Amino acid sequence: MDPSTGNWDSYWYKHTLNPETEKKKTHSYSLKIDSVSDGGQYWCRAGRGKPVYYTQYSDALWVNVTESPKAVVTVRPDERVFRGETVTLRCDIKWGGDTEWTYRWEIEGTNNQYKNTVSRTSTQELNISSVDLSHRGKYSCTGQIHTQSSQRSDAVTLTVSAEAQASVRVSPQPWLTEGESVTLTCEVSGSSKGWTFSWFRDHDHLSDSSRGAGGSYTLSPAALQHTGVYTCRAERGRPAYYTHNSSSHTLWITGVSASVSLVINPSRSQHFSSDSLSLSCEDQSNSAGWTVRRYTDKDTQTCAKQTGSGCVMDSLSTSDTGVYWCESESGEKRHPRNITVHDGEVILESSVDPVIEGETLTLHCLHRSTNSPILSADFYKDGSLIQNQRTGEMSITTVSKSHEGFYYCKTERGQSLHSWISVRVSRSGQISVLKILSSLLAASPYLLATVVLLYKCYRERGKTS
């Protein structure tokens, strides 16, 4: 409006569901843009006098407001790092086109000069060559281009711990017979991202450590030469940061011997504390040459009450839990078996020997007071419920390799410990084929003659060629 024509007031409008009106004495209107909702269609008109005389509305003006981009902080190699590692924090802003942002970093939770240094930096990547405990804190960043600022990123918490330590665990057990499978897993406590692993046996680096990709090293099938002391080490980053070597784990693979066996009475892998247990080594050729030995969480030792090739324990305790085997005078070790002693009220009765593929696996849930199956028992495999039985007994009629795993039972009186059920592949199929072939040849002389002639022709052809 031309101010010379009178004293006009300005009335401002915004296009919304409920149009907003604001009266101003001046002809300018200022507002702070806080969000996308501040954008829209604006117009005005003027008025004077009482009653108010209004002019026509002005043309509308569009104010377009777009959402400010949000910064995002990423951390390499991980938000959980160890003292001495190299850490890189990067600030990224998703925005169309090639734009040159400047960056500002902020830290909460530190009280040293590094905080002030970081808050003034304008680099997109923040590199810490050797992180220490003073670098712990919450890191966030913002970006700015000309007068446009990004939204502040969510804070990323950088946790710095003391030197990393690797550890090894073995599944299902460190004592096994050649032909079985075992997996060693290397883990870094408190962190899981970006690690690669190296494995050592008897302090020698294993050239096939690539088999341990992802931290697992599997021996399938295990052989006698795999016996040894295993350790692992983890590394990540460039330059590489190495953990300390893990504590050692002894893996013991014994040979298959049909003539030597460890006889356990009662014949099961779990036993109640205070019960008695007898073990003996039986060798078809020389039973006097074998001794019962055991490995517990303390050390390796000969059975306390050794009588010839036998061993008797009158009152078991949980410290008797371990691996028992037969050892010859020359140091050969045969037939290792796990024995578990439980001081609870319930145990799982299962065979100490591997189940042969195709046979029936039977498990019982026993109670301490009666030493007999408990009614209404739940049976679990690898932590999952597989059967609920009112007889205290569970059976799998035709066992396969897929049934291998950790089993336990649970009743209203308590829960048993876990027992590893191993399934041995049967060779009966091959034997059956040989029996069938022998029967056919015996029943048909003509077939036998044909096989002999074909074999002679094959031999003659081999000589002429």
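Extension gain for His203-Glu67 works out to 43.1 nm (0.36 nm per residue, less the C-alpha to C-alpha distance). Simple spin-label estimate for Ser181 and Glu332 gives 2.9 nm between the two label positions (7 Å along the Cα-to-Cβ direction from each Cα).
Does the stretch 54-96 classify as rounded, prolate or oblate by the C-alpha gyration tensor (a ≥ b ≥ c root eigenvalues; a/c under 1.5 gives rounded; else a/b over b/c gives prolate, otherwise oblate)?
Because a/c hits 1.5 or more and a/b exceeds b/c, the stretch 54-96 counts as prolate.
Spacing of the modelled spin labels on Ala162 and Ala240, each 7 Å from Cα toward Cβ, amounts to 2.5 nm.
A simple spin-label model places the labels of Gln144 and Glu22 2.5 nm from each other, with each point 7 Å out along Cα-to-Cβ.
Per-residue accessible area (protein heavy atoms, 1.4 Å probe) orders Arg80, Arg233 as Arg80, Arg233, starting from the largest.
Extension gain for Asp275-Tyr57 works out to 68.4 nm (0.36 nm per residue, less the C-alpha to C-alpha distance).
Computed with a 1.4 Å probe over protein heavy atoms only, the accessible area of Met313 comes to about 20 Å². Neighbours of Cys281, meaning other residues whose beta-carbon lies under 10 angstrom from its beta-carbon, give a summed charge of -1 when Lys and Arg score +1 and Asp and Glu score -1. Taking 31 Å as the limit for the C-alpha separation, the pairs Lys333/Lys410; Lys14/Lys70; Lys193/Lys333; Lys193/Lys401; Lys32/Lys94; Lys193/Lys410 exceed it in the case of Lys333/Lys410; Lys193/Lys333; Lys193/Lys401; Lys193/Lys410.
Expressed in nm to one decimal, what extension gain is obtained for the pair Ser402 and Lys193 from 0.36 nm per residue of sequence separation less their Cα-Cα distance? Don't skip to the end; give the middle numbers.
Working: separation 209, 0.36 × 209 = 75.24 nm, distance 3.09 nm.
Full extension from Ser402 to Lys193 adds 72.2 nm.
Rounded, prolate or oblate: which one fits the stretch 131-264, using the alpha carbon gyration tensor with axes a ≥ b ≥ c (rounded when a/c is under 1.5, else prolate when a/b beats b/c, else oblate)? Prolate. Once the whole set of protein chains is in place, how much accessible area is left on Asp2, using a 1.4 Å probe, in Å² to the nearest 10? For Asp2, solvent-accessible area is about 80 Å².
The values are calculated or read from the model by the stated rules, or taken from the named source; none is laboratory data. For clarity, every value in this text was computed on a predicted model and none was experimentally measured. Cβ atoms come from the backbone with ideal geometry, glycine included; neighbour counts cover every protein chain shown. Note: accessible area is taken over every heavy atom of the protein model, side chains too, but ligands, DNA and RNA are not part of it. Shrake-Rupley method; radii C 1.70, N 1.55, O 1.52, S 1.80 Å.
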